[in-house]
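See structure below.
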Amino acid sequence: MIDTIKVWKDTKYRSGLTAAQLAGVPANPAGRIELTDTELDSVNGGRMSDMTSLLRTCTSGPDSCCC
């Protein structure tokens with residue numbers, strides 16, 4: 001018997017299944033769980049430039065800290 005939750009969460013387990021076995025597994029209700037590098041690059045809020053700007057603001061003086 002295939003462990004559906006394990007298929008969704010464990011890439012090593014999932015890679016050991018055949019195409020026929022994977023075809024019988026329902027789609028993960030949370031949606032895709034892996035993003036491509038291009039998708040990750042388009043995420044706002046996690047870019048290094050954003051972090052650098054935040055750190056510069058927080059370290060320029062005690063009254064300017066936004067944290």
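The values are calculated or read from the model by the stated rules, or taken from the named source; none is laboratory data. Just so we're clear, the structure is a prediction, and the values are computed from it rather than from any experiment. We place every Cβ from the backbone using ideal geometry, glycine too, and count neighbours over all the protein chains shown.
Annotations
- Taking the criterion of being within 16 Å of residue 34 (Cβ to Cβ) and polar (S, T, N, Q), the residues of the range 4-24 that qualify are 11, 15.
- Members of the range 35-51 found to be of a type outside the set (Gly, Ala, Ser), at pLDDT 75 or above and either closer than 22 Å to residue 9 by Cβ or part of a loop (DSSP other than H, G, I, E, B) (or both), listed by number: 35, 36, 37, 39, 40
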